[in-house]
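Scroll down for the structure; my scribbles are underneath it.
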Amino acid sequence: MKTCREIHQLVVLGADRELAWRERLAIRLHLLVCAACRRFEAQMHLIEMAWKQFPGPQGQEQRAGQAAQSAATANSSAPHGPQP
Amino acid sequence: MSASPLAEQLEALRPTLLRFARLQLRQAQDAEDAVQDTLLAALEGQAGFSGKAQLKTWVIAILRNKLIDRIRKYGREMPLDDADDAESFDVLFDASGHWIDPPRAWGNPEATLSQAQFYDVLEVCVTALPEKQARAFTMHTVLGFEADEICKVLGLSASNYWVLLYRARMRLRECLELKWFGQQTKGRVCA
């Protein structure tokens, strides 16, 4: 049985490349008995989903619109993010 | 020349596009150029917009292509902060390989993903990554580049590349835990 340390590495790797069936099996068996790694896997999944949806939900458009309006007079100022 | 309704709608999307572009092009001017190109292309190509697709989705698809083109053209010349990231995540585990501080439940994913502010935090977190990590990660996740092209543009070995992606994900997790989920759970200790 693999340790949590080994499983977390496989879980992260699995987000970016196809895992071997052995690796997938090892993850599954481990997750059956380990709540901590199940939560870790759910966290990684959420991060993955979030990037698929970036820069955000539909409502964002109105928000961006408002930001654009308020920034219209001074549109050189960045509404978000640190500036170099 | 008066602004068309489409031009106004596009203008309203500018901040969203900029934050998207800045993930890849940290030089503010490059990001703004890419967005400007995108808005022009959208105006010129508005016949291609069926109206069925959401305007934002359509424009982001254009921007995505602009960013991919720019990276293919100039990627290797783009200045890159090469600071080494020596952070080890081994400290998360004890000698027997168990979590020292087990991951906590992050709650309902749909609820999280439907909150616009969550994406602000996500952006802050990715911007806080060492630059090479952030570039490799967003090229892969957001722009859909293949591994070998990312390695070429960023000058990475294959093993280097996997380490960068691993670290990026682990750091994002830490950052979200700290800046988003930490606050979220404070109020409901007894839930």
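For segment A:12-32, enumerate the residues that are of a type outside the set (D, E, K, R) and either away from chain B (no Cβ under 14 Å) or in contact (Cβ under 8 Å) with a residue 60 or more places away in the chain (or both).
Pass one, segment A:12-32, residues of a type outside the set (D, E, K, R): A:12-15, A:19-21, A:25-27, A:29-32.
Result: A:Ala20, A:Trp21, A:Leu25, A:Ile27, A:Leu29, A:Leu32.
Just the residues that are over 23 Å from B:Tyr119 (Cβ atoms) and loosely packed, with under 14 Cβ neighbours inside 10 Å, please, taken from segment B:23-35. If you could, list the steps in order and put the result at the bottom.
Step one: filter segment B:23-35 for residues over 23 Å from B:Tyr119 (Cβ atoms), giving B:29, B:33.
The one that is over 23 Å from B:Tyr119 (Cβ atoms) and loosely packed, with under 14 Cβ neighbours inside 10 Å: B:Gln29.
Quick check: anything in segment A:56-73 part of a helix (DSSP H, G or I), within 9 Å of chain B (Cβ to nearest Cβ) and at pLDDT 50 or above? Explain how you work it out, then say what you get.
Here is the first cut: in segment A:56-73, the residues part of a helix (DSSP H, G or I) are A:60-71.
Filter again for within 9 Å of chain B (Cβ to nearest Cβ), leaving A:60-69, A:71.
If we keep only those that are at pLDDT 50 or above as well, we get none.
No: zero hits.
Name the residues in segment B:95-117 that are surrounded by 15 or more Cβ atoms within 10 Å (Cβ to Cβ) and more than 7 Å from every other protein chain (Cβ to nearest Cβ), would you?
B:Gly107, B:Gln115
Failed condition for B:Ser88, given (1) crowded, with 17+ Cβ neighbours inside 10 Å; (2) at pLDDT below 90; (3) under 23 Å from A:Cys37 (Cα atoms), with all others met?
The failed condition is (1).
Considering each of B:Leu178, B:Leu122 in turn, give the residue that is out of contact with any Phe, Trp or Tyr (no Cβ under 6 Å at 6 or more places or on another chain), at pLDDT 90 or above, at the interface with chain A (Cβ under 7 Å from one of its Cβ atoms) and under 18 Å from A:Met44 (Cα atoms).
Values: B:Leu178 fails: at the interface with chain A (Cβ under 7 Å from one of its Cβ atoms).
Step by step, each of B:Leu178, B:Leu122 is checked, and only B:Leu122 is out of contact with any Phe, Trp or Tyr (no Cβ under 6 Å at 6 or more places or on another chain), at pLDDT 90 or above, at the interface with chain A (Cβ under 7 Å from one of its Cβ atoms) and under 18 Å from A:Met44 (Cα atoms).
Taking the condition of being in a helix (DSSP H, G or I) and more than 13 Å from B:Leu39 (Cβ to Cβ), how many residues in segment B:2-19 meet it? If you could, list the steps in order and put the result at the bottom.
Taking segment B:2-19 and keeping what is in a helix (DSSP H, G or I), we get B:5-19.
Narrowing further to those that are more than 13 Å from B:Leu39 (Cβ to Cβ): B:5, B:19.
The qualifying residues number 2.
The values are calculated or read from the model by the stated rules, or taken from the named source; none is laboratory data. Keep in mind that this is a model prediction, so the values were computed, not measured. Here the Cβ is made from the backbone with ideal geometry for all residues, glycine too, and neighbour counts use every protein chain on show.
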